[in-house]
Amino acid sequence: MQDAVVQTEELTKRFGDFTAVDHVSFEVRAGEVVGYLGPNGSGKTTTIRMLLGLLRPSGGTGHVLGFDVVDQAESIRQRVGYMSQKFSLYDELTAWENLGFYAGVYGVTRHDRWRETLGRVGLAGLENTLAGVLPIGWRQRLALATAIIHRPTLLFLDEPTSGVDPLARRAFWDLIYELADEGVTAFVTTHYMDEAEYCTRVAIMHHGRLLAMDRPSQLKRSALPGIAWDVSAEPLLEALEALQSTPGILRVGLAGDHLRAIAQPSVLAQDLASEMARRGCNLLSAAPAEPTLEDVFLALAGE
Amino acid sequence: MSDVSHPLIEAIALRRSFAGKAAVDGLTLSVAAGEIYALVGPDGAGKTTTMRLLTGVLRCDAGQVRLAGIELARQPDEARAHIGYLPQRFGLYGDLTVDENLRFLAEVRGLRPRDWAPRSKEILDFVGLAPFRERRADALSGGMKQKLGLAAALVHQPRILLLDEPTSGVDPLTRQSFWQLLIRLLRQGVAVLISTPYMDEAARCTRVGFMSQGRILVEGSPSQVTQDLQGRVIELLTQADRRVIHWVRRDPQVRDARLFGDRLHVTVERGAAEAVIVRLGDMLAMEGVHVASARVIPAGMEDAFMELLRAEGARAEQSPLAGKGEG
C-alpha cells in the first residue's frame with residue numbers, strides 16, 4: 001500500500017533459542033495511532049528496536065517511511081521521533097538543557113523552535129526546572145518534547161504512560177491526538193489493556209506473535225467467541241469452579257470481587273442461577289457486560 | 001491477641017508534611033479482615049506516603065495508626081510484625097535461587113530456621129513456585145518474580161498485606177492467578193491494602209478510596225463509587241477527531257468528552273442522556289459527521305475518578321510543582 005509508513009513482512013528476531021519476534025507482518029498507515037499491545041516480554045520493544053535499525057532482524061523485512069530497516073537505518077532515525085521506555089532524560093539538567101541536548105542531535109538550533117516545543121507539551125515556564133524534580137507525568141511530556149523537537153512525521157512511543165495516573169495519561173493522549181490531527185503517525189506500545197482503547201487500531205502481541213490487528217470496537221465484535229458476563233456469587237472460588245464446568249461457558253476468570261465469563265449466546269441468566277444452585281453457590285447477580293480488550297486478549301491468547 | 005471486631009488496618013486522621021507542604025492531610029481509613037482496599041489517585045496524591053506511614057518507615061506528624069489493634073507509635077515492633085509488604089520494586093537476589101531468596105528474607109525478618117523452613121514449602125506450594133525452588137531468581141519470568149515477592153511478604157504469616165501496584169506490567173493470565181492467591185488469603189482473614197494509579201486494578205477490589213492532595217475524597221465499593229455516573233456516559237462510534245470533541249463539549253448538558261480511538265465517551269448531566277444523544281446526532285449529521293452508533297454504556301471507575309477530580313477542581317493544568325510531595 002502506498003501510504004504505509006511502517007511495513008513489516010515476516011519480521012523475526014531470535015536470541016539464541018528464544019524467538020522474541022516471530023514472523024510478524026503488519027502495516028501502519030499515515031495518520032494512524034496504532035497500539036502495539038502485549039504483556040511484558042511479548043516482543044514489543046524488540047519490534048520497535050528493529051524498526052529503528054537498532055537491532056538486526058533474524059529474518060523477514062521491515063520498511064519505515066520507505067527506508068529499509070537494515071540498510072537505511074540512519075535515514076530512518078533522522079526522520080522519526082522515539083520516546084524510549086525509560087525516557088532518556090538527564091535529571092541534573094534543566095528542562096531547557098534536556099531539550100537542547102536532543103535539539104543538538106537533530107541539528108535544530110533555533111531557540112524559538114525549542115520554546116514552541118516546550119509550549120506545546122505544556123511545559124512553558126518550566127525551562128529552568130531540573131528534570132529530576134518534575135513529577136512523572138511532566139517528565140513524560142518533556143520526553144515527548146525531546147522526541148518531537150525535529151518535527152518528525154512518525155513517532156515511536158515505547159510504554160509512554162507507564163506509571164502515570166489517569167489525569168496525566170489523559171493529558172498525554174490529548175497531545176498525541178493533537179499531533180495525529182496534524183498528520184503525525186504514532187506507534188505506541190503498551191501493556192495496559194485499557195490504554196490500548198485510546199488507539200485507532202490495536203495489534204495484539206503474545207509470545208512474539210501478532211495475534212490480531214484491528215480497531216478496538218471491531219476486535220471486541222470479531223475476536224470474542226461469545227458474550228461477556230459479570231457474575232457475582234458466593235463463595236467466589238467455588239462459583240468460579242462451578243462456571244468452569246457449566247455447558248456453554250467458554251471462559252471464566254476472576255475479576256476482583258466478581259467473575260467475568262464469556263458465554264455462548266444461548267446461555268441465559270437462569271442457566272447460570274440453576275447451575276450455581278446445583279453446586280451449592282449463591283448467585284447474587286449475572287448481567288451481560290461491555291466487552292473489554294482484556295477479554296479479547298484472553299480469548300486470543302488462550303489458556 | 002487483639003479484638004477480632006477491630007479492623008486490621010486503622011489509620012485515624014493521619015498527617016504528614018514535607019517542607020511545610022502536607023503530603024497526607026487528615027487521612028482516615030480502615031480495612032477489615034477479608035477486605036481488599038485500593039488507594040487510587042494521581043501522582044503526588046499521597047498514596048506512597050500513606051503506605052510508608054502505615055509500615056512505620058515514616059512517622060506521622062499527627063494521627064494514629066493501629067495494626068491488628070496495636071498502636072504503631074507505641075509498639076512499633078509488635079505492630080509491624082503483622083505486616084507483609086510487597087513494594088513495587090522489591091529486591092531479589094538474581095544469583096540466588098528461589099529457596100535461598102526466601103531463606104534470606106526470612107532471616108532478615110528474624111525468623112528461626114525451624115519456624116520458617118516448614119512454612120517455606122507451604123508458601124511456595126501456595127504461590128505455585130514449588131517446582132522452581134532451585135531456579136535462580138534471574139531466570140524467573142516477570143510473573144514468577146512477582147509471586148516470589150508475594151511469597152517473601154507472606155513468610156511470617158502476616159494478617160495484613162500492603163501491596164504497591166502488584167500487577168502492573170503482568171500479563172492478564174498471570175494476573176488471574178495472582179488474584180486467585182489474594183482471594184484465598186482474604187478468605188483466611190488477611191486484610192489487604194493496594195496502592196495503584198490504575199483503575200482496572202482498583203476495580204477488582206472490595207473497596208476503593210479515591211485520593212487527592214493527601215485526602216480521601218470518596219470511598220466505597222466499585223459499584224458504589226460509580227453509581228452516581230450510571231446512565232450518564234454515552235459512547236458515540238464515529239470517525240471522531242478533535243473538531244467533533246469541540247462541538248460535543250459545547251452542548252450545555254455535556255460535562256466532558258473524551259476521545260478513544262474510533263469512539264467518543266461523553267459524560268452528561270443526570271437524566272440528560274437521551275436528549276443529548278438526539279441533539280448530538282442531529283448536530284453531527286448537519287456537520288456531515290457519520291455516527292455509526294450512540295448508546296449509554298456502564299460508567300467505569302475512570303469516569304468516576306475524572307468526574308470527582310473535576311468537581312474537586314484539581315486540574316492537570318495546575319502547576320506541576322504545587323502537587324509535588326513525597327507520595
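Rule-based calculations on the coordinates, nothing more; no lab input. Every value quoted in this text rests on a predicted model; they were computed, and no experiment measured them. Counting neighbours? That spans all protein chains shown, and the Cβs are built from the backbone with ideal geometry, glycine included.
I'd like the FRET efficiency for B:Arg250 and A:Ala30, computed as 1/(1 + (r/R0)^6) with the beta carbon distance as r and R0 of 22 Å, rounded to 0.05.
For B:Arg250 and A:Ala30, the calculated efficiency is 0.15.
Relative to the first principal axis of the alpha-carbon coordinates of chain A, what is the inclination of helix A:269-278, with its axis defined by its Cα atoms, in degrees from 0 to 90 and to the nearest 10?
Tilt of helix A:269-278: around 60 degrees.
Per-residue HN-Hα couplings for region A:247-258, Karplus 6.51 cos²θ - 1.76 cosθ + 1.60 at θ = phi - 60°, whole Hz, x for Gly and Pro?
x, x, 8, 8, 7, 9, x, 7, 10, x, 7, 9
What's log10 of I(q)/I(0) for region B:9-226 at q = 0.11, 0.13, 0.14 Å⁻¹, Debye sum over Cα points only, no solvent?
Listed by q, the Debye log ratios stand at -0.53, -0.74, -0.86.
For an R0 of 22 angstrom, estimate the FRET efficiency from the Cβ-Cβ distance between A:Tyr106 and A:Glu178 and round to the nearest 0.05.
The pair A:Tyr106/A:Glu178 has a calculated efficiency of 0.60.
Is there a quick way to get the dipole size of the protein assembly as shown? I mean about its Cα centre, with the Cβ of Lys and Arg at +1 and of Asp and Glu at -1; what is the value in debye to the nearest 20?
Working: 69 positive and 78 negative charges, 186 e Å.
Dipole about the Cα centre, nearest 20: 900 debye.
Averaged over its residues, how many other protein chain Cβ atoms are within 10 Å of peptide B:259-271's Cβ atoms?
Numbers: counts 9, 10, 15, 7, 6, 0, 1, 0, 0, 0, 0, 0, 0.
Average per residue, whole number: 4.
Computed FRET efficiency, Cβ-Cβ of A:Ala269 and A:Asn40, R0 35 Å: what is it to the nearest 0.05?
0.40
Positive end of the charge dipole of region A:4-221 (Lys, Arg +1 and Asp, Glu -1 on Cβ, about the Cα centre): tell me which of A:Leu210, A:Val28, A:Ala147 has its Cα farthest that way.
Of the listed residues, the answer is A:Leu210.
Just need the relative contact order of region B:9-226 here, percent rounded to a whole number, with Cα pairs under 8 Å and 6+ apart. Mind showing how you got there, number by number?
Details: 411 pairs, mean separation 69.7, N = 218.
Over region B:9-226, the number comes to 32 percent.
How far apart, in nm, are two points set 7 Å out from the Cα along the Cα-to-Cβ line at A:Arg56 and at B:Lys121?
Distance between the two pseudo-spin positions: 5.2 nm.
Convert each backbone phi in region B:49-64 into a coupling constant with the Karplus relation 6.51 cos²θ - 1.76 cosθ + 1.60 (shift: θ = phi - 60°), then list the ³J(HN,Hα) values in order as whole Hz, x for Gly and Pro.
4, 4, 4, 5, 5, 6, 7, x, 5, 10, 9, 7, 6, 8, x, 9
For chain B, give the magnitude of the charge dipole about the Cα centre (Cβ charges: +1 Lys/Arg, -1 Asp/Glu; no others), in debye to the nearest 20.
So the magnitude is around 480 debye.
Most exposed first by the Cβ proxy, i.e. fewest other Cβ within 10 Å, how do A:Thr46, A:Thr189 rank?
Neighbour counts put them in this order, fewest first: A:Thr46, A:Thr189.
Can you tell which of A:Thr47, B:Gln224, B:Gly143 lies farthest toward the positive end of the dipole of the protein assembly as shown, using +1 and -1 charges on the Cβ of basic and acidic side chains (Lys, Arg; Asp, Glu)?
Sorting the options by dipole projection puts first B:Gly143.
First check a/c for the protein assembly as shown, with a ≥ b ≥ c the square roots of the eigenvalues of its C-alpha gyration tensor; if it is under 1.5, answer rounded, and if not, answer prolate when a/b is larger than b/c or oblate otherwise.
Rounded, since a/c falls under 1.5.
Restricting to Cα pairs below 8 Å that are 6+ residues apart, what does the relative contact order work out to for region B:33-95? Please round to a whole percent.
Relative contact order, region B:33-95: 17 percent.
Show log10 I(q)/I(0) for chain A at q = 0.12, 0.14, 0.15 Å⁻¹, two decimals, from a solvent-free Debye sum over equal Cα scatterers.
Relative scattering, expressed as log10 I(q)/I(0), comes to -0.84, -1.02, -1.11.
Among the GluC sites (Glu not before Pro) in region B:27-83, which ones are in a DSSP loop with at most 16 other Cβ atoms within 10 Å of the Cβ? Mind listing them?
Hits after loop and neighbour filter: nothing returned.
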